[in-house]
Amino acid sequence: MKLTACLSEKPWGQVDVPAQHGGLLRKRIGEVAFRHPAGVEMPVLVKYLYTSERLSIQVHPDNTQAQAAGYPCGKDEMWIVLDAEPGATIGLGLKRECEPACFAAAVLDGSVVDLIDWKPVRRGDVIYNSAGTIHAAGGGLVLLEVQQSLDLTYRLFDYGRPRELHLEEGLRVSRFGRHDGSRDCSIADGSSRVLADGPYFGSAWCAGGLPTGLPSSRDWQLVVVSGTVRHQGESYQAGQAFHSTTLAGLELPADSELLLAWPVQEAMAQAA
């Protein structure tokens, strides 16, 4: 089943995105999310992010915090850097431990930008961003994001853009420390590998073939990053995505790149 590419304009988006993602519209596209064509909510959401400038400094709640507020789950997310302009960065956590009151004061006077740990990134970097981590993607990036399927972001600081902030809510769910990079990795060597396998979703990078160690999931999302992929007689081009209950019949040419994503049972149980 082919998934629907849902385009969203953002003030920080890009105009020159690929044609299949709205490049011909000459609009500032920030997100392209792949959704079920019938509107059915899937437990894992995959999307492209196109950034021309920094996103808001923000944070997401974890499962417990989100469910206490009436949401089905929290929001862990993972980014694969598909393209990065020279000098591109992503803000991940804080440069130093900070008390909540100190952080709030930094938000109010604007010095929070200097408190964020802006890390240089390049194509092939894979970053796992756990809920509670204060973060912000920088400009000049094309990211492929895998996340728990929750559209809940608490904006803490937005560089004066006229958008709603959520400082009180964000302070309640934030961890005021450094980013935990223990789950970060890289696909820069061009090999296929499992990128994440829990606790809330799994993902794998497939460069011309499937990696070893895949689970026996029955709920696969597949996003074609480059080349043409065939599955059970259907062809899918770069920038397209589809859903299947089986990987049987999947044909990956040597020059193709594919992201594979799946829900983890723990996430499905908690959302039930």
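What follows draws every value from the coordinates through simple rules; no lab data is involved. Quantities reported herein were computed from a predicted structural model and do not represent experimental measurements. Heads up, the Cβs are rebuilt from the backbone with ideal geometry, glycines too, and the neighbour counts pull from every protein chain shown.
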Task: Label point distance in nm, residue 67-residue 99, each placed 7 Å from Cα along Cα→Cβ - done: 3.3
Open item on the list: Using the Karplus curve 6.51 cos²θ - 1.76 cosθ + 1.60 with θ = phi - 60°, what ³J(HN,Hα) values do you get for each residue of the range 242-253, in whole Hz, with x for Gly and Pro?
Closed with: 8, 10, 8, 8, 8, 9, 4, x, 7, 10, 10, x
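Just subtract the alpha-carbon distance of residue 8 and residue 232 from 0.36 nm times their residue separation and send over the number in nm, one decimal. Please list the in-between numbers first.
Numbers: separation 224, 0.36 × 224 = 80.64 nm, distance 3.07 nm.
Length gained between residue 8 and residue 232: 77.6 nm.
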Task: Helix axis angle, 100-109 relative to the chain longest principal axis, alpha carbon, degrees - done: 90
Task: Of (i) 63; (ii) 60; (iii) 49, the label for percent of Cα pairs over 24 Å apart derived from the coordinates - done: (iii)
Task: Two-site label geometry, residue 180 and residue 168: point separation in nm, points 7 Å out along Cα→Cβ - done: 2.9
Task: Residue-averaged 222 nm ellipticity for the chain, from DSSP H runs of 4+ at -39500 (n - 2.57), nearest 500 - done: -3000 deg cm²/dmol
TODO: Take 21, 60 and order them by how many other Cβ atoms sit within 10 Å, fewest up front.
DONE: 21, 60
Task: Cβ charges +1 (Lys, Arg) and -1 (Asp, Glu), total dipole of the chain, debye - done: 320
Open item on the list: Tell me the relative contact order for the range 4-186 as a rounded percent, counting alpha carbon contacts under 8 Å between residues six or more apart.
Closed with: 28
